[in-house]
1. Rg(Cα) of region 1-73 divided by 2.2 N^0.38 Å?
2. What number, rounded to the nearest 500 deg cm²/dmol, is the helix-based mean residue ellipticity at 222 nm of the chain, given -39500 (n - 2.57) per DSSP H run of at least four residues and division by all its residues?
3. Just to make sure I understand: if all protein chains stay in place, what is the order of Ile250, Ile411 by accessible area at 1.4 Å, largest first?
4. Report the percentage of all Cα-Cα pairs in region 201-358 whose separation exceeds 29 Å, rounded to a whole percent.
5. Below 9 angstrom from the Cβ of Arg285, what's the summed charge of the other residues (Lys, Arg +1; Asp, Glu -1)?
6. Using only the alpha-carbon atoms of the chain, report the extent along each of the three principal axes, biggest first, to the nearest angstrom.
7. Rank His10, Ala87, Leu24 by how far each Cα sits towards the positive end of the charge dipole of region 1-101 (+1 on Lys, Arg Cβ; -1 on Asp, Glu Cβ) and give me just the farthest.
8. Quick one: give the max-minus-min coordinate of the C-alpha atoms of region 1-138 along each principal axis, largest first, in Å.
Amino acid sequence: LDGASGTLAHYAELAKALGDRRVLADGEPVQLGRTARLSGQHAWVPRPGVAVFVNAFNFPAWGLGEKLACAFLAGMPVLCKPATATALVTYRVVKLWVEAGLVPDGALQLLCGPAGDLLDHLGSFDVLAFTGSSATARALRSHPRVVAESVRVNIEADSLNSAVLAPDVDLGAETGRLFVADVVRDMTQKSGQKCTAIRRVLVPAERRADVLDALRERLATLVIGDPARDDVRMGPLATAAQHKDVAAGIARLAAVTEDGYGGTGAIAPLGVAAGTGYFVGPVVRTTADAAGCAAMHDHEVFGPVATVAGYDGAADAAAALVARGHGSLATSCYSDDKDWLARFVPAAGAVSGRVYIGSEKMAPLSTGPGTALPQLQHGGPGRAGDGAELGGLRGLTLYQQRVALQGDASILKGLL
């Protein structure tokens with residue numbers, strides 16, 4: 001809810017700046033003739049279709065808010081189909097908006113339950129924005145109607161995000177403390193059920209034992225149980241199916257890694273009756289062979305689970321391991337060595353939607369790598385879906401058509 005309201009507030013400020021304009025300039029005008037009288041201008045205009053959202057269970061409010069803010073500001077009406085498991089939250093949010101008179105009639109429709117033949121009605125100017133598993137993403141992309149009508153599709157899917165510790169960092173220094181805090185928070189926040197959670201922790205081989213000790217110390221203080229209690233910091237997984245999938249994922253990792261913390265995730269939650277709730281405690285697996293451990297690079301465990309692996313400390317080796325994830329939403333690195341960062345960031349950035357750089361001077365201001373900020377794009381290449389959302393005004397372009405305008409310079413200027 002906080003993420004949804006914050007995102008909507010940011011785009012409301014952008015809306016004030018845009019005013020009533022219906023055509024947005026894309027770059028500067030270009031002279032096409034002997035004089036500037038004949039000019040060209042790229043511009044963005046609203047698409048005439050409907051923006052269809054198919055959202056994931058883990059962000060029933062934020063997932064709607066971040067997509068809707070961009071679509072509404074771009075000028076497209078919305079049809080949202082939330083995940084059935086948590087659709088009640090989305091329903092309640094939409095009901096409050098409608099009752100408060102915040103939504104124009106017909107601009108927002110909500111479909112709870114099975115999608116039915118929804119995709120059969122998509123047209124050439126509609127937009128399909130999906131967040132969820134890569135398996136479902138493949139089915140959506142290959143849907144006959146989507147293919148036949150060349151429907152614009154945006155995907156945010158699986159992501160094995162990495163946190164990379166550079167060899168210059170002392171765990172007791174500001175940058176080192178930030179690294180440990182970020183890893184613990186972003187592997188356990190929302191019980192690890194978020195697309196930007198840290199799944200792979202890559203550290204210089206000689207620092208692996210120290211990192212594991214630091215993580216154990218922090219995780220041992222984490223109180224798990226009834227999330228209605230003020231002293232509880234982590235609650236259960238969302239569904240029985242998620243619980244089963246996470247248990248299977250831990251078992252898969254356990255077959256090829258060592259136990260760093262938490263064993264199988266079995267936990268006695270605080271303030272919860274025995275056998276109630278889908279609880280999994282934080283689990284840290286570890287391996288000395290980051291390159292040889294295929295399981296940590298190939299399968300995302302969508303819960304409070306991360307694997308700590310050693311590498312040789314070289315920036316190019318770390319970036320190559322990040323790339324083994326086949327595309328990530330967010331990669332975080334921790335270093336105050338500008339030369340190391342200059343080698344790592346371009347290589348890791350080529351396979352990541354966002355690179356978070358943790359360092360001494362930014363540590364007190366950090367929002368952490370797991371927070372999708374409305375000012376920056378959210379999405380990633382490859383396995384992560386090759387899509388992009390948010391990013392300020394960039395987020396509007398998914399719901400708009402870029403058009404090249406050609407004509408009298410004064411007329412073009414008057415349109416913008």
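The values are calculated or read from the model by the stated rules, or taken from the named source; none is laboratory data. No experiment lies behind these values; they were computed from the predicted model shown. Every residue, glycine among them, receives a Cβ derived from its backbone with ideal geometry; neighbour counts consider all protein chains shown. To get the accessible areas, we keep the full protein, side chains included, count just its heavy atoms, and leave off ligands, DNA and RNA. Shrake-Rupley method; radii C 1.70, N 1.55, O 1.52, S 1.80 Å.
1. Values: Rg = 17.4 Å, N = 73, 2.2 N^0.38 = 11.2 Å.
Against the empirical 2.2 N^0.38 Å value, I get 1.55 for region 1-73.
2. Details: 12 runs with 131 residues, N = 416.
After summing the helix terms and dividing by residue count, I get -9500 deg cm²/dmol.
3. Working: Ile250 5, Ile411 110 Å².
I get Ile411, Ile250, largest accessible area first.
4. On the way: 2971 of 12403 pairs.
In whole percent, the long-distance tail amounts to 24.
5. Neighbour charge sum, excluding Arg285 itself: -2.
6. On the principal axes, the chain reaches 68, 51, 40 Å in Cα extent.
7. Of His10, Ala87, Leu24, it is Leu24.
8. Between the extreme Cα coordinates on each principal axis of region 1-138 lie 62, 34, 27 Å.
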